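Data first, discussion second: the structure below is written as structure tokens.
The values are calculated or read from the model by the stated rules, or taken from the named source; none is laboratory data. What you see is a predicted model; the values in this text were computed from it and never measured. All Cβ positions, glycine included, derive from the backbone under ideal geometry; neighbour counts span all protein chains shown.
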Amino acid sequence: MRVPNASRILDADMTFDPTISLLLGAAGLVIGTLSSLLGVGGGIFIVPLLTLAGLVGTVQEAAATSLAAITFTSLSATFAYTRRRAVDVRAGLSLVPTSLLGSWAGARLTSLIDSRWLAIAFAALLLYPIVMMLLGKTTSDLGERNAERAKGIRSLAIGAAIGLVAGLGSGLLGIGSGTIMVPSLALFLGLDILPAIATSLFVMVPSSAFGAVTHFFQGNVHLELALPLVVGSVIGAQLGPFLGERIPRRRLRQLFGLLLLYAAVNMVLKSIG
């Protein structure tokens with residue numbers, strides 16, 4: 001169901017199906033765990049899930065609902081990484097303004113872009129993380145070695161550019177921007193991998209929230225789907241860092257690389273069918 005304005009939050013048409021809510025809560029738990037475990041935005045799992053399961057009418061609605069869940073997932077994961085002192089606050093703050101601008105612009109552009117082309121664009125964006133996962137890596141593995149830490153004005157300019165591109169991806173495609181931001185922080189700002197992952201999640205909080213609010217007033221957010229996803233993913237985001245020390249991450253990435261490949265192919269076939 002679509003929510004066109006704030007006065008309709010409690011609209012009678014917004015019904016909660018207990019079975020679907022339980023399944024989405026379980027899915028959110030897994031997605032939240034994997035998001036913090038693998039260093040990728042939960043949107044790459046949530047958007048295909050909502051779209052392929054037929055729970056939303058358009059990719060725009062899936063992207064909007066995804067952003068609502070990602071906001072709380074990234075907030076929960078940020079708390080977990082902050083306790084480990086892994087968040088680079090200075091680098092994060094340099095990305096926030098332009099990531100908010102990009103998130104707003106991306107959310108506005110969804111009303112101007114055909115849903116079928118948006119699905120194809122999202123599937124294309126998945127190709128890179130798919131390849132990296134099938135190889136047993138994450139996008140955050142790039143740039144780990146031989147990267148110099150950018151400083152001063154150069155650091156601010158690079159951070160602003162990264163934030164803008166990541167924000168556009170977040171608002172337009174419903175991703176948590178981690179697939180763009182984490183490797184960029186490692187490659188162009190020279191952050192080590194753990195701070196890059198933690199800082200990316202830190203920046204995701206305001207940018208995803210801003211995009212979600214914009215989508216909400218455009219009537220794209222399905223609260224009845226987002227709420228159970230939020231509950232599960234918030235818990236999962238706390239489990240990810242804990243399990244990361246105990247589960248073979250290479251095997252998990254390869255399995256979910258296959259899952260993402262299947263989802264991307266089906267999204268393209270559905271958009272052109």
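Could we say that residue 98 is modelled with pLDDT of 80 or more, under 18 Å from residue 67 (Cβ atoms), over 15 Å from the mean Cα position of the chain (by Cα) and of a type outside the set (A, V, I, L, M, F, W, C) here?
yes
Looking at the structure I just gave you, is residue 217 at pLDDT 85 or above and either surrounded by fewer than 24 Cβ atoms within 10 Å (Cβ to Cβ) or in contact with a strand residue (DSSP E or B) (Cβ under 9 Å, 6 or more places away or on another chain) (or both)?
yes
Does residue 84 qualify as being at pLDDT 85 or above, under 20 Å from residue 193 (Cβ atoms) and surrounded by fewer than 16 Cβ atoms within 10 Å (Cβ to Cβ)?
no
Being outside any helix (DSSP H, G or I) and at pLDDT 85 or above is the filter here, so list the residues in region 36-59 that pass it.
Result: 53, 54, 55, 56, 57, 58.
Can residue 111 be described as closer than 21 Å to residue 237 by Cα and more than 13 Å from the chain's Cα centre (by Cα)?
no
Considering each residue of region 176-200, count those that are assigned to a loop (DSSP other than H, G, I, E, B) and surrounded by fewer than 24 Cβ atoms within 10 Å (Cβ to Cβ), and give that number.
Counting residues in region 176-200 that are assigned to a loop (DSSP other than H, G, I, E, B) and surrounded by fewer than 24 Cβ atoms within 10 Å (Cβ to Cβ) gives 2.
Taking the condition of being surrounded by 15 or more Cβ atoms within 10 Å (Cβ to Cβ) and modelled with pLDDT of 75 or more, how many residues in region 242-273 meet it?
Looking only at that region, the number is 6.
Name the one entry in 62, 6 that is of a type in the set (A, V, I, L, M, F, W, C) and modelled with pLDDT of 85 or more.
Criteria check complete, one pass: 62.
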